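The values are calculated or read from the model by the stated rules, or taken from the named source; none is laboratory data. Because the structure is a prediction, the values reported are computed rather than measured. Because the Cβ atoms are built from the backbone with ideal geometry, glycine has one as well, and the counts that use them run over all protein chains shown. In case anyone asks, the SASA skips ligands and DNA or RNA and just uses the protein heavy atoms, side chains included. Shrake-Rupley method; radii C 1.70, N 1.55, O 1.52, S 1.80 Å.
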Amino acid sequence: MDFKRAQLSTAKSFRESIVPRLCDYVRIPNKSPLFDANWQKNGHMDRAAQLMADWCREQSIQGLKVEILRAEGRTPLLFCEIPGSGEDTALLYGHMDKQPEFTGWAPGLSPWEPVLRDGKLYGRGGADDGYAVFSSLTAIRLLQEQGIPHARCVVLIEACEESGSYDLPHYVDQLAGRIGTPSLVVCLDAECGNFDQLWCTTSLRGNLVGTLTIEGLTEGVHSGAGTGIAPSVFRIARTLLARVENDVTGDLMLEELHAPIPAARVAQARAAATVLGDQIAGKLPFVAGARPLSDAPVELVLNNTWRPTLAITGAAGLPALENAGNVLLPKLDLKLSFRLPPTTDAATAATAVKQRLEADPPYGVSIEFDVDSSLAGWDAPPVAPWLEQAMQDASRATFGRDAMYLGTGGSIPFIGMLGERFPETQFLVTGVLGPHSNAHGPNEFLHLACAERLTVCVARVIEAHFARGAT
Ligand SMILES: [Zn+2]
């Protein structure tokens, strides 16, 4: 592939076609079904799917077929098929649904109004993960433009990822014959350590989410009358949480949540920590004076990618401050979100957490832990030499630096699903979610130069995927 030519062509596409269309996409508040109970009636998801499908159909790609698949009560799925040479198939994946707004957007920025500033496109869903379909098809177009053969490609853009991809297995089953057995999967929904090189994700963590409900009284009572006689549900919550998480170090105490860290992953974490150093902690918006869990960057990488963690992400039963009278609260619900190591069995972890929280209720109060979802993580199979070589070529040619490997602290349910179905498949799991790009939070942005370079890297990998069979 002529990298120079590919980069110029990509830049032109982004400038003239992709960025304007992504701006329109940012304006559509197509929140994932979990965050918009009326998503069907609101029709935003359909509009987003239509916008993407329309753009796809405008691309000059030989034999391209574009379809929006729908099923009763399910989110739609955008499916593209591009015929190719040989017997192989490459599958490219992304998603169109978005996280909710969240708070804290800087002045002049907002989730649903795109802003271009300093080479970044701000707005919800541009980086996570709207750009994926544009980059995927552009990568294929770049090859065809230069007369370079590629395998048959299928592009799958789901609309349920931020809700745990519960509609995806339905479509994957339905499309099984048309997807076939992909020997390469490209996923453009992951993180990057920085915007200066190609990052290949080697693992994803699992995710266990559940609601802890503690009920001590049938109704709230005057705290002067009640405290010292009935226990505070908040204190019980602290007691229960301390059973699973060391409240000083944050270490999780259930053996079932841990997994051994392979030596190769420790070595890759060391290499990534050497390149990234202070950026690992520096990518997070600490307040002045706050510091990370460790001073050693490699420990932060391992904590974030191979160790289990807990975050409390929501509560019910705690009045807002302006309504907080002196009341001994009757009931408290907490949302618990565990991240699990890539190879931890999610179902076993869920059972262990539930048993530990519900056992021996202090003072006999009512305790329940309802598991909302438990998703397994993923540990990549060893990278084939052709893929390693293609990633290095592409990263050096487009970014001027080596490609790097890094585990990711987040979860992409589909990759775990595919890893199980296709154990022989090679994966390029990468993305543009780098420092401060803040998917899920305020001020999400798409780093345009990085997205363009990544697009060219994907083209090179698809080229090499086909060529590997030819040698
Ligand atoms: Zn995403």
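I'm trying to understand the selection: among the residues of region 243-285, which are outside any helix (DSSP H, G or I) and within 22 Å of the chain's Cα centre (by Cα)?
To start, the set of residues in region 243-285 that are outside any helix (DSSP H, G or I) comprises 245-254, 258-262, 277-278, 283-285.
Matches in region 243-285: 258, 259, 261, 283, 284, 285.
Restricting attention to region 184-223, which residues are within 22 Å of residue 138 (Cβ to Cβ), outside any strand (DSSP E or B) and away from the ligand (no atom under 15 Å from the Cβ)? I'd like the intermediate steps shown before the answer.
Looking only at region 184-223, we keep the residues that are within 22 Å of residue 138 (Cβ to Cβ), and these are 184-192, 195-201.
After this cut, where a residue has to be outside any strand (DSSP E or B) as well, the list is 188-190, 192, 195-198.
Correct list: 195, 196, 197, 198.
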> Just checking, which of 159, 190 is open to solvent by less than 10 Å² (accessible area, probe 1.4 Å) and at pLDDT below 95?
Replying inline: 190
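Residues checked against (1) open to solvent by less than 40 Å² (accessible area, probe 1.4 Å); (2) under 25 Å from residue 98 (Cβ atoms); (3) away from the ligand (no atom under 15 Å from the Cβ):
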| site | (1), (2), (3) |
| --- | --- |
| 403 | yes, no, yes |
| 413 | yes, yes, no |
| 423 | no, no, yes |
| 435 | yes, yes, yes |
| 438 | no, yes, no |
| 448 | yes, yes, yes |
> Name the strands (runs of 3 or more DSSP E) wholly within region 23-131 that hold at least 3 residues that are under 28 Å from residue 422 (Cα atoms)?
Replying inline: 65-69, 77-82, 89-95
>> Every residue in region 286-314 that is open to solvent by less than 40 Å² (accessible area, probe 1.4 Å) and assigned to a strand (DSSP E or B), please.
In response: 310, 314
> Using beta carbons and a limit of 9 Å, which pairs, at least six apart or on different chains, have the first residue in region 79-96 and more than 24 Å from residue 412 (Cα to Cα) and the second one open to solvent by less than 30 Å² (accessible area, probe 1.4 Å) and within 16 Å of the ligand (Cβ to nearest atom)?
Replying inline: 82/155
> Just checking, how many residues over region 165-183 are in a loop (DSSP other than H, G, I, E, B), within 16 Å of the ligand (Cβ to nearest atom) and either out of contact with any Ser or Thr (no Cβ under 7 Å at 6 or more places or on another chain) or without any contact (Cβ under 8 Å) to a residue 24 or more places away in the chain (or both)?
Replying inline: 2
> Which of the residues spanning region 315-348 are open to solvent by 50 Å² or more (accessible area, probe 1.4 Å) and outside any loop (DSSP other than H, G, I, E, B)?
Replying inline: 315, 321, 322, 323, 327, 331, 335, 339, 347, 348
> Which members of region 139-164 meet the condition of being away from the ligand (no atom under 16 Å from the Cβ), in contact with a strand residue (DSSP E or B) (Cβ under 8 Å, 6 or more places away or on another chain) and either farther than 18 Å from residue 184 by Cβ or part of a loop (DSSP other than H, G, I, E, B) (or both)?
Replying inline: 150, 151
> Of the residues that make up region 214-232, is at least one under 16 Å from residue 342 (Cβ atoms) and open to solvent by less than 50 Å² (accessible area, probe 1.4 Å)?
Replying inline: no
>> Being in contact (Cβ under 8 Å) with a residue 12 or more places away in the chain and closer than 30 Å to residue 326 by Cβ is the filter here; which residues of region 242-258 pass it?
In response: 243, 245
